[in-house]
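Engineer: Submitted below is the structure of interest, expressed as structure tokens.
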Amino acid sequence: MAKVEIKDGVVYLEGKPFYLSSADYPYFRDEAENWDDRLEKLKNCGLKVITCYFPWRHHELVIDGKRRFDFVGETQDNRNVIRFLQLCQEKRLLVIAKPGPFIHAETNYGGLPDFVCPLSNSKIEAMLNHRGEPVTWPGSECSEDGRSAKPWPLPAPLDPVFLKEVEHWLGAVREEIITPLSYPEGPIFLVQLGNEGIYSNAQRPPWEYDYSNSSLQYFRQCLREDYKSISKYNRLHGTTYSAWQEIEPVREWKQPGKMEDLLAYMDWSSYQWKYMREIYRLYSSFLPTELPYVVNPTTSFT
């Protein structure tokens, strides 16, 4: 079977190092009738790879109160991502598929559909910063002065209701797009999860996220795994907690007076990568494929 591999930071295609000379083409911003011409021009530039986001809000619609996916252009020509990818295949252009779920890409609400916003679904909790305020992103409604989009709270990535929606989306992408169009039968040879972290926020400081209940529950689970017993945690931190649920993460910097005080900051700092890892693990479990996964965290995160 033909293989795509990543070893030591190098992509190998059919056992040979492959240089990713690529360009991003947001097919969803263009008229479908232009795709062929644009792809031909990109190919003539010497490019071998097209990267493209699949905006969730572009492909899952609510029509007459019912939700449906459109990957073939039934409701709008430029939703026919299947045809777009077939054109890439015809032109021998490989594709890095980027289904999010959050994509940024200068789209409304980062490409998320309105129905996963905590304002629309009260069962979904919002991501919170250290002050307990919702972390927001420009939504799909204009502000009163018409100059900007209203800030909408982002869903907490580990919220179970939101995760079920993500599973529904990525499952559809896998079934309708990734599986039938994977290399070598199709052009898709890599799959990117998320974008610049979870919500294009990998560069943000550790007190900016995530203090939602679902995140804190996982934080305490990580503490249990790290310290094994509450007595050991107390001994190292100089605390007297009787249960893991009593432990709160640090929320602002206060100069540590002793090592025990510093350890609480180290716990929250360590949690940041475990949090990212868990979300990427969940996303990949919702979209199982033999293709390699890639992520694009910002430089400050790496």
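Engineer: Run down the aspartates and glutamates and flag those whose C-alpha is under 19 Å from the C-alpha of Lys43, throwing out any fewer than 8 positions away in its chain.
Structural biologist: Those aspartates and glutamates meeting the cut-off are Asp24, Asp30, Glu31, Glu33, Glu90.
Engineer: Under 30 Å between alpha carbons, and skipping anything fewer than 8 positions from Lys232 in its own chain: which lysines qualify?
Structural biologist: Within the straight-line limit of under 30 Å, Lys232 reaches these lysines: Lys254, Lys258, Lys274.
Engineer: While we're on this one: Could you derive backbone 3J(HN,Hα) for the stretch 194-207 from the dihedral phi with the Karplus parameters 6.51, -1.76 and 1.60 (θ = phi - 60°), listing whole Hz in sequence and x where the residue is Gly or Pro?
Structural biologist: Per-residue couplings from phi come out as x, 7, 6, x, 9, 10, 6, 10, 4, 8, 6, x, x, 8 Hz.
Engineer: Averaging sequence separations of C-alpha pairs under 8 Å and six or more residues apart, then dividing by the length of the chain, give the relative contact order as a whole percent. If you can, show how the numbers build up before the last one.
Structural biologist: Working: 479 pairs, mean separation 52.5, N = 302.
Result for the chain is 17 percent.
Engineer: Based on DSSP, what percent of beta bridges with both residues in the chain are antiparallel, to the nearest 5?
Structural biologist: Looking only at bridges with both residues in the chain, the antiparallel portion is about 55 percent.
Engineer: For the stretch 233-268 and the stretch 62-85, what is the centre-to-centre distance using only Cα atoms, to the nearest Å?
Structural biologist: 50 Å
Engineer: 5 Å is the cut-off here: which amide hydrogens, built 1.01 Å from N in the peptide plane, fall below it relative to Val11, excluding neighbours closer than 5 in sequence?
Structural biologist: The answer is Phe18.
Engineer: Between the helical axis of 259-286 and the dominant principal axis of the chain, each derived from Cα atoms, what acute angle in degrees is found, rounded to the nearest 10?
Structural biologist: 30 degrees
Engineer: Let me ask something else about it. Taking GluC sites (Glu not before Pro) that fall in a DSSP loop and have at most 11 other Cβ atoms within 10 Å as cut points, what is the longest piece of the chain between them?
Structural biologist: 32-105
Engineer: Relative to the Cα centre, what is the charge dipole magnitude of the stretch 116-207, using +1 at the beta carbon of each Lys and Arg, -1 at the beta carbon of each Asp and Glu, and rounding to the nearest 20 debye?
Structural biologist: My answer is approximately 240 debye.
Engineer: Suppose only helical runs count, i.e. DSSP H with n ≥ 4. What mean residue ellipticity at 222 nm does that imply for the chain under -39500 (n - 2.57) per run, divided by all residues and rounded to the nearest 500 deg cm²/dmol?
Structural biologist: -9500 deg cm²/dmol
Engineer: Under the Kirkwood approximation applied to all pairs of distinct alpha-carbon atoms, what is the hydrodynamic radius of the stretch 168-239 in Å?
Structural biologist: 16.2 Å
Engineer: Pairs of lysine in the stretch 64-221 with Cα under 26 Å and at least 8 positions apart or on different chains: total?
Structural biologist: The result is 9.
Engineer: Here's another thing I want to ask about it. Could you tell me the distance between the Cα centroids of the stretch 195-223 and the stretch 146-162, to the nearest Å?
Structural biologist: 15 Å
Engineer: Once both axes come from the Cα atoms, what is the angle between helix 35-44 and the longest principal axis of the chain, in degrees from 0 to 90, rounded to 10?
Structural biologist: Computed tilt is about 90 degrees.
Engineer: Starting from the Cα of Lys16, draw a straight line to each of the lysines and keep only those under 18 Å, dropping any in the same chain fewer than 8 residues away.
Structural biologist: Lys3, Lys7, Lys48
Engineer: Can you give me the convex hull volume of the Cα atoms of the chain, divided per residue and expressed in Å³? Before the final figure, lay out each step's value.
Structural biologist: Numbers: hull volume 50.8 nm³, N = 302.
Looking at the chain, the number lands at 168 Å³ per residue.
Engineer: Taking amide H atoms as placed 1.01 Å from N in the peptide plane, list the residues 5 or more away in sequence, or in a different chain, whose amide H sits under 5 Å from that of Leu154.
Structural biologist: Met127, Val135, Thr136, Trp137
Engineer: What is the magnitude of the charge dipole of the chain about its Cα centre, with +1 placed on the Cβ of each Lys and Arg, -1 on the Cβ of each Asp and Glu, and no other charges, expressed in debye to the nearest 20?
Structural biologist: The dipole magnitude comes to about 840 debye.
Engineer: A follow-up question, please. Helix 213-227 against the longest principal axis of the chain: what's the angle in degrees, Cα atoms only, rounded to the nearest 10?
Structural biologist: 70 degrees
Engineer: Name the long-range amide H neighbours of Asn80: under 5 Å, sequence gap of 5 or more, or other chain; modelled H, no Pro or chain starts.
Structural biologist: So Asn80 has HN proximity to Gly73.
Where a number appears in this text, it was derived from the coordinates with a stated rule and is not lab data. Keep in mind the model is a prediction, meaning the values are calculated, not measured. Positions of Cβ are generated from backbone atoms using ideal geometry, with glycine treated the same way; all protein chains shown enter the neighbour counts.
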